[in-house]
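Everything below concerns the one structure shown next.
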Amino acid sequence: MKELYRTTNQSEIAVLKSVFESAGIKVFLFDEYANSLGIMGGGYAPCRFMVVEDEYDDACDVLRDCKLEPSE
C-alpha cells in the first residue's frame, strides 16, 4: 500500500473518490472522518488516499489529469 495524495478539503475528497472509481482504480481512504471525530483537538487531519503499489503509476496519471500532484 502506498500513499498517493493527502488533503483536508472535503469537496476534493468527494470528487477524487468519484474520479478514481470511474477510472477503475481502487483507492483506500485513511483518516477520512478523523476531523469529524475531534481526534486532532481542533486541528485538521488530512485524509490520505492510498493505493496498492501495482496501481500507483496509473493513479498518479489520473491525479495529474486533475491538475494535482502526488504526495511523495
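FYI, it's all coordinate maths here, none of it is from the lab. Keep in mind that what you see is a predicted model, and the values were worked out from it rather than measured. Counting neighbours? That spans all protein chains shown, and the Cβs are built from the backbone with ideal geometry, glycine included.
Compared with the dominant Cα axis of the chain, that is its longest principal axis, helix 56-65 is turned about 80°. I need the shape label for the range 2-65. Rule: rounded when a/c is under 1.5, else prolate if a/b > b/c, else oblate, with a, b, c from the alpha carbon gyration tensor. Taking the square roots of the gyration eigenvalues as a ≥ b ≥ c, the range 2-65 is prolate.
Under the simplified labelling scheme, the F30-M1 pair shows an inter-label distance of 0.6 nm, with each label point 7 Å from Cα along Cα→Cβ. Between V15 and S71, the simple spin-label model (points 7 angstrom out along Cα→Cβ) gives 2.0 nm.
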